[in-house]
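Step one of this worksheet: look at the structure below.
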Amino acid sequence: MISLEKRLESNISWVLFVYSLACIVGFIFTAFLLWSSGTDIPKAFFALYKGSLSSKKAIFSSLNYATPLILTGLATVVAFRAQIWSIGQEGQVYAGAMSAYFASLMFYGAPLWIHLLLVIAFGALGGALLGVLSAVLKNKFHVNEVISTVMINYIIIFFLSYMVGGGPWTEISDVNTTVYQQSDPVADYSKLPYLFGSTKLHLGFLLAILSAVACHFLIYSTPFGYEIRAMGHNPVALGHRGTNTHKTLLYILILSGAIAGLAGVTEIFGTSHRLKSEALYGLGYTGIIVGMIGGLTPLGTIIAGIIFGGLASGALYMKVLAKVPAALVPTIEGMFLLFFLCAGVAARYKIVVTGKDV
């Protein structure tokens, strides 16, 4: 008799097995897709390795791609651990980027580190304000957070399109007055400093790691972290304990939104160096999957974020060096996301055969 039972505690060896299996299956399906498109399979896989792990520059590029995914994944961890199904990370990334860009203009000329701290703080504030809005809609008007956060995403994304697509932040060419869907470049001293002498890895990665450490400490070592975990298990019992669950929900969505807002800051001021939708698109939604693949834990989110950062960096090389069709690259990335998500679900269960755990 074979059956599935949910695990009360994670089993490290089983987790490693299912994620390793997801990697193997992902590469098998990738090879099939490459073969079907007529691509040289060994050349494509070598390009993937070359773009993600072959050198210090490639590793720094992978970590750079991972930075916003780690932050949006952490935002997911904070909310989902409390069973608050916020899908607002995408809009919060945009809001954080816009708020930080506004701060870079407002505080232009301030001393360097004060300027950078204000840019980072305003970015976090932008994402947090969207969290407040979702919490108010949930607490006061009983609007489901899935609906409210998705609708807010659309509003913020279209607002950015206006601001950089003909609005006050639009870059206009001096030569032919052509309007671009982007802002002017940020000032040099507004850019996040690079780390280790690279031109890829910036201060945002350190910010992401520190955020993960802070989230781990918060969730597992503080009274508020206990409330987050208790709210995820039984919010009714938490309320009977005397906890104001409405206030807890507000604080959780503020924190989640602030962390997602930081992802927007790192992408605009660390990588693209100008405000544009293309640079931010999909970071929030991908971060939700990264957080879930990481088992809704800060450490797991770092690992998952780095893996998918490596895939993103290597996929670019596949397209350039191995001539992999452009449409196939996001398909490969999405396929790996799907397999890792399935592995995350499988990691929470155990196979029971005649009373023995496998």
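Before moving on, here are some points about what is shown:
- Residues located in the range 304-330, provided they are among the β-branched types (Val, Ile, Thr) and either surrounded by fewer than 19 Cβ atoms within 10 Å (Cβ to Cβ) or within 12 Å of the chain's Cα centre (by Cα) (or both): Ile306, Val320, Val329
- Candidates are the residues of the range 150-185 that are among the acidic types (Asp, Glu) and open to solvent by 40 Å² or more (accessible area, probe 1.4 Å); the one that is modelled with the lowest pLDDT is Asp174.
- Being touching a residue at least 12 places away in the same chain (Cβ under 8 Å), within 30 Å of Tyr349 (Cβ to Cβ) and either of a type in the set (A, V, I, L, M, F, W, C) or in contact with a Cys (Cβ under 8 Å, 6 or more places away or on another chain) (or both) is not true of Ala47.
- Qualifying residue in the range 80-96 (condition: of a type in the set (Gly, Ala, Ser), over 26 Å from Phe158 (Cβ atoms) and either open to solvent by 10 Å² or more (accessible area, probe 1.4 Å) or in contact (Cβ under 8 Å) with a residue 40 or more places away in the chain (or both)): yes
- Selection status of Ala103, open to solvent by less than 10 Å² (accessible area, probe 1.4 Å), under 24 Å from Pro193 (Cα atoms) and either without any contact (Cβ under 8 Å) to a residue 40 or more places away in the chain or in contact with a Cys (Cβ under 6 Å, 6 or more places away or on another chain) (or both): yes
- Against the list (1) crowded, with 17+ Cβ neighbours inside 10 Å; (2) of a type in the set (S, T, N, Q); (3) out of contact with any Leu (no Cβ under 8 Å at 6 or more places or on another chain), the condition Ser211 fails is (3).
- Scanning the range 12-41 for residues that are farther than 26 Å from Ile303 by Cα, surrounded by fewer than 17 Cβ atoms within 10 Å (Cβ to Cβ) and not aliphatic (A, V, I, L, M) returns Phe32, Trp35, Ser36, Ser37, Gly38, Asp40.
Residues checked against (1) under 21 Å from the mean Cα position of the chain (by Cα); (2) within 27 Å of Tyr94 (Cα to Cα); (3) buried (at least 18 other Cβ atoms within 10 Å of the Cβ):
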{"position": "Ile219", "(1), (2), (3)": "yes, yes, yes"}
{"position": "Glu227", "(1), (2), (3)": "no, no, yes"}
{"position": "Gly239", "(1), (2), (3)": "no, no, no"}
{"position": "Gly257", "(1), (2), (3)": "yes, yes, yes"}
{"position": "Ala263", "(1), (2), (3)": "yes, yes, yes"}
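- Any hit, the range 290-297, residues being polar (S, T, N, Q) and open to solvent by less than 70 Å² (accessible area, probe 1.4 Å): yes
- Of all the criteria given as (1) farther than 26 Å from Gly270 by Cβ; (2) touching an Asp or Glu at 6+ places or on another chain (Cβ under 9 Å), the one not satisfied by Met151 is (2).
Conditions (1) in contact with a Lys or Arg (Cβ under 6 Å, 6 or more places away or on another chain); (2) closer than 28 Å to Phe80 by Cα; (3) open to solvent by 70 Å² or more (accessible area, probe 1.4 Å); (4) aliphatic (A, V, I, L, M), marked per residue:
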| site | (1), (2), (3), (4) |
| --- | --- |
| Ala110 | no, no, no, yes |
| Trp113 | no, no, yes, no |
| Leu118 | no, no, no, yes |
| Ala121 | no, yes, no, yes |
| Gly126 | no, yes, no, no |
| Ala135 | no, yes, no, yes |
| Lys140 | no, yes, yes, no |
| Val143 | no, yes, no, yes |
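- Among the residues of the range 96-119, some residue qualifies, meaning at least one is within 28 Å of Cys215 (Cβ to Cβ), touching a helix residue (DSSP H, G or I) at 6+ places or on another chain (Cβ under 9 Å) and of a type in the set (S, T, N, Q).
- Scope the range 120-144; condition touching a helix residue (DSSP H, G or I) at 6+ places or on another chain (Cβ under 6 Å) and of a type outside the set (A, V, I, L, M); matching residues: Phe122, Gly123, Gly126, Gly127, Gly131, Ser134, Lys138, Asn139
- For the range 280-289, a residue qualifies if it is under 24 Å from Ser37 (Cβ atoms) and crowded, with 22+ Cβ neighbours inside 10 Å, and exactly one does: Thr286.
- Sole exception among (1) within 19 Å of Thr72 (Cα to Cα); (2) open to solvent by less than 10 Å² (accessible area, probe 1.4 Å) for Leu250, by number: (2)
The values are calculated or read from the model by the stated rules, or taken from the named source; none is laboratory data. All figures in this text were calculated on a predicted structure; none of them were measured in a lab. Positions of Cβ are generated from backbone atoms using ideal geometry, with glycine treated the same way; all protein chains shown enter the neighbour counts. Surface accessibility is based on the protein's heavy atoms, side chains included, excluding ligands, DNA and RNA. Shrake-Rupley method; radii C 1.70, N 1.55, O 1.52, S 1.80 Å.
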